[in-house]
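Note sheet for the following structure.
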Amino acid sequence: MKKLKSLIFYFFLILILSFDINSNELNKKEYDCLVNFLTNLGEISNVGKNEKTFEYEFCNPLLVSLPTEIKCNQGSVTHLDTVQSNTSYIIKDELLCFDNINSFFLSNISYDSTIFYNSLPKSLIKVVFTVTNFKFSNVTIDLQRLSISIISQKIPTILKFSWFYKTTEFVLSSIGFSSNKTHSITFENDLEDSQIWETNYLNIISLNFPKFKNVKGFVQIELIEGFNQTSWSNIKEIGNVTNIYIRTKFLTEFPSDHLSNMRSDSIEKINFDVPFNSVKKMCNLSSIGKSIQTITFSNCGRDFSYNDLMPIILPNNQDFKHFLLIGGYIKNFDILQYKNAQHITLSNNLMSGTLPPINSFNSGRLKYIDIGFNRINGELDDSYCEFDIIVNNNSMSGLIPTCFTCFFGLTELNLKSRFVGNNFTNLDQPSSPSIISPNLIFSNIEIFQGQPHYKYFIFGENLGGGWIDESNIEIIGLDVKFRLIKINKLISLYSLSPFPSLVTLSYSRINSNYRFTLSTGLISPKLTKVEWISNSQDLTFDGFYFSYNRSIINISIGNVTCQVTSSTFYTINCTLLESIDPILIDIVSFITIGNLTTQFTLNPGVTNNIVECINGCGGKGICLSDIGKCDDCSLPYIECPIDCSNFSLCNNQTGLCSCPLFLIWFGFNCSIPLHTISAVSPSDTNGGYASIYGWFGNIHTDQQVFIGNKQCIPIYNRSESEINCEAPPGTGLKSVSVIQNSINVTSKDIYQ
């Protein structure tokens, strides 16, 4: 019985497969055309016949053998890929027979160019040829892709842009080695003003560099050995090209003057993969255009320098981000040459010199530095914590700053590899992740594509570098997008849903030491226990809603400051700066984290279990923490004179409207931002442009910024997350204060 069922199953399976294969049988016209076409090409033997009808099974992939491939749909050929064995046959207008053909691939094609290009079916999208001594002509239909691979082209050939401008993608490449002896091909740009070649991908080989006037899109050009070097003058006529990649294997003069004269507000990326044999003068690209983002020189040779310096003056437009120079020779490394870029990669350039402290000069817009595989010496100081940096395989020494080594425990990222091959003394000594100090704050709701996105900021110290993205950092259990705003200082987060009251920030799925509990609201610190060891100046606080950022925590026991030595969301350790009389009882104490304060009382030399007073005594009286009661319970009841609104609540002990602790606003209607300071980007010691990061809301009444006791003025720009101002000259460690809306917020010892 089982055997019978198996036979029935296979019978129906074969029947279904046969029906599927034969459901795309060609109509008679295309069947006859394909028989004739493949017969003339010498490839009909690659197609098998039906055993009953003795007709060719063009649409049955099981009966069509390589190098021929055919695809059919609803009685028509849609794809034909084959070779031409019979080279004496000349193809003319045979493709017109196939009404719905989308793609045509043919190797070793022989055709009549005067007829063939004018006889392409309108359904055709892709045409790919492999050929020797190809004859070119005008392409008259809109073609998505025309790709021609040339074995050799010894016949001198001039190709005109107007022949191909109706193609969206045009590729003219060589198979194997190409030189002026094997590929005699040049291009002429004959496009009229009304003819715009909009290309997704234009990839050509040529004996000249043509003008690209009226060309819009991505261009890649390989210059053939023996190319006309005077044609470099055409590089300044780049048209509307957005991305150009120029390559050759052969030594060429560096076209410094012509590049300096390039002007285009369309060009975004320039990539030279070219060995240059000399540089006669500096190349000034400072005014190339407002859209340039990336400039790359790779394999440029050991002669690519000018007076022992990098021979390029970089663009100064705001969008410029990346400069890469690999495989050149820069005898003297001067970091000031690169301050117009955000990211620089200068690996394998035989560079010598030192990395100066960042705060000794204006580093401009630099954020990422890769100087691996060079000869740089000296040390890295803490000023480089503002950067993503790669210095592997140099001659550096000293200590790697802890802002980097605190992440060496993330074995899955292998950040240590950025520093190997030097003489650092702490390469194998990861710092504790306890110095990572994130804080979380809600910003606002932004609408993207009709959907609300909840925006948050993580601010603090040692938060990580440019490697931060969704693949290696997460809010556990939530779908969150991360954007690094300031390295090690500030990260923005976007979520389609609001965060719960507590979240876990995780840098690692395997190492729990890199997980941090954060609160989404501004909630005053909650104490459960304070351990005060007898005859000791050290105290340990247990509770929650603390902070990993020690710089924003202030603790006073009576009139004595307790200096914080370590902190997490749940624990704080601090040391008293003065001794306290052990016979005192119920010492009135305060813990302030940011702008949030909790009052409590302590008894010296014992374990203090903290009982929270209801409502914090309503802002009046003292909370006796050992019993959880206020010392004055006869609090008045006062009506608020106005209606509280916009989440504000009436405090009936004061008669004033106040905002709940979880809000980051204040005022009688909770409309004024309660701002915070998270990080700074200082000027050099001579003063100058400085940035203050944090959350400043969108109301900035009477805003002032102070660095130490000197005002940072003028204020150039202000936004929700950043203030830019002119810092005064000075040295040493200073506090930063931001005053706005009659509120003064100070971050201690943050500016250096």
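The values are calculated or read from the model by the stated rules, or taken from the named source; none is laboratory data. Just so you know, these numbers come straight off a predicted model, no measurement behind them. Reconstructed Cβ throughout: ideal geometry from the backbone, glycine too, with neighbour counts over all protein chains shown. Only protein heavy atoms, including side chains, enter the accessible area calculation; ligands, DNA and RNA are left aside. Shrake-Rupley method; radii C 1.70, N 1.55, O 1.52, S 1.80 Å.
Going through region 77-102 one residue at a time, which ones are buried (at least 19 other Cβ atoms within 10 Å of the Cβ) and among the polar types (S, T, N, Q)?
82, 84
Could you please give the count of residues in region 567-596 that are in contact with a helix residue (DSSP H, G or I) (Cβ under 8 Å, 6 or more places away or on another chain), polar (S, T, N, Q) and crowded, with 21+ Cβ neighbours inside 10 Å? Can you show your working first?
Narrowing region 567-596 to residues in contact with a helix residue (DSSP H, G or I) (Cβ under 8 Å, 6 or more places away or on another chain): 567-568, 593-594.
Okay, now just the ones that are also polar (S, T, N, Q), so 567-568.
Now restrict to residues that are crowded, with 21+ Cβ neighbours inside 10 Å: 567.
The total comes to 1.
Restricting attention to region 563-587, report how many residues are hydroxyl-bearing (Ser, Thr, Tyr) and more than 13 Å from residue 547 (Cβ to Cβ).
Of the residues in region 563-587, the ones hydroxyl-bearing (Ser, Thr, Tyr) are 565-568, 570-571, 575, 579.
Keeping just the survivors that are more than 13 Å from residue 547 (Cβ to Cβ) gives 565, 575, 579.
Looking only at that region, the number is 3.
Which condition breaks for residue 196 when tested against (1) touching a Phe, Trp or Tyr at 6+ places or on another chain (Cβ under 8 Å); (2) open to solvent by less than 30 Å² (accessible area, probe 1.4 Å); (3) of a type in the set (Val, Ile, Thr)?
(2)
Going by the conditions given, is residue 144 surrounded by fewer than 17 Cβ atoms within 10 Å (Cβ to Cβ), touching a residue at least 24 places away in the same chain (Cβ under 8 Å) and in a strand (DSSP E or B)? Let's see the steps before the verdict.
Values: surrounded by fewer than 17 Cβ atoms within 10 Å (Cβ to Cβ): yes; touching a residue at least 24 places away in the same chain (Cβ under 8 Å): yes; in a strand (DSSP E or B): yes.
Yes.
Name the single residue, out of those in region 1-48 being loosely packed, with under 12 Cβ neighbours inside 10 Å and among the basic types (Lys, Arg), that is modelled with the highest pLDDT.
This residue is 28.
For every residue, the table says whether it meets (1) modelled with pLDDT of 85 or more; (2) open to solvent by 30 Å² or more (accessible area, probe 1.4 Å).
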{"site": "685", "(1), (2)": "no, yes"}
{"site": "697", "(1), (2)": "no, no"}
{"site": "709", "(1), (2)": "yes, yes"}
{"site": "713", "(1), (2)": "yes, yes"}
{"site": "722", "(1), (2)": "yes, yes"}
{"site": "739", "(1), (2)": "yes, yes"}
{"site": "747", "(1), (2)": "no, no"}
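Given the condition closer than 30 Å to residue 671 by Cβ and open to solvent by 50 Å² or more (accessible area, probe 1.4 Å), answer yes or no: does some residue in region 426-444 qualify?
Yes, region 426-444 contains at least one residue that is closer than 30 Å to residue 671 by Cβ and open to solvent by 50 Å² or more (accessible area, probe 1.4 Å).
I need the strands (runs of 3 or more DSSP E) fully contained in region 332-423, keeping only those with at least 2 residues that are closer than 25 Å to residue 306 by Cα.
Correct list: 343-345, 352-354, 368-370, 375-378.
Do any residues in region 676-695 that are of a type outside the set (Ser, Thr, Tyr) and part of a loop (DSSP other than H, G, I, E, B) have Cβ atoms under 7 Å from those of residues that are modelled with pLDDT of 85 or more and open to solvent by less than 10 Å² (accessible area, probe 1.4 Å), where the two are at least six apart or on different chains, and which pairs are they?
Listed by first residue and then by second, the contacts come to 682/690; 682/727; 687/727.
Looking at region 724-737, which of its residues are among the hydroxyl-bearing types (Ser, Thr, Tyr) and open to solvent by 50 Å² or more (accessible area, probe 1.4 Å)?
Of everything in region 724-737, just one residue is among the hydroxyl-bearing types (Ser, Thr, Tyr) and open to solvent by 50 Å² or more (accessible area, probe 1.4 Å), namely 731.
Please indicate, with yes or no, whether at least one residue in region 559-566 is within 29 Å of residue 456 (Cα to Cα) and either crowded, with 20+ Cβ neighbours inside 10 Å or touching a residue at least 40 places away in the same chain (Cβ under 8 Å) (or both).
yes
Restricting to region 510-525, name every residue that is within 21 Å of residue 434 (Cα to Cα) and in contact (Cβ under 8 Å) with a residue 40 or more places away in the chain. If you could, list the steps in order and put the result at the bottom.
Our first condition is that a residue be within 21 Å of residue 434 (Cα to Cα); within region 510-525, this holds for 510-520, 525.
Of everything in region 510-525, those that are within 21 Å of residue 434 (Cα to Cα) and in contact (Cβ under 8 Å) with a residue 40 or more places away in the chain turn out to be 510, 511, 513, 514, 516, 517, 518, 519, 520, 525.
Evaluate region 166-185: report whether one residue or more is of a type in the set (Phe, Trp, Tyr) and farther than 30 Å from residue 97 by Cβ.
First pass over region 166-185, keeping only residues of a type in the set (Phe, Trp, Tyr): 170, 177.
Subset that is farther than 30 Å from residue 97 by Cβ: 177.
Looking for residues that are of a type in the set (Phe, Trp, Tyr) and farther than 30 Å from residue 97 by Cβ, one finds at least one in region 166-185, hence yes.
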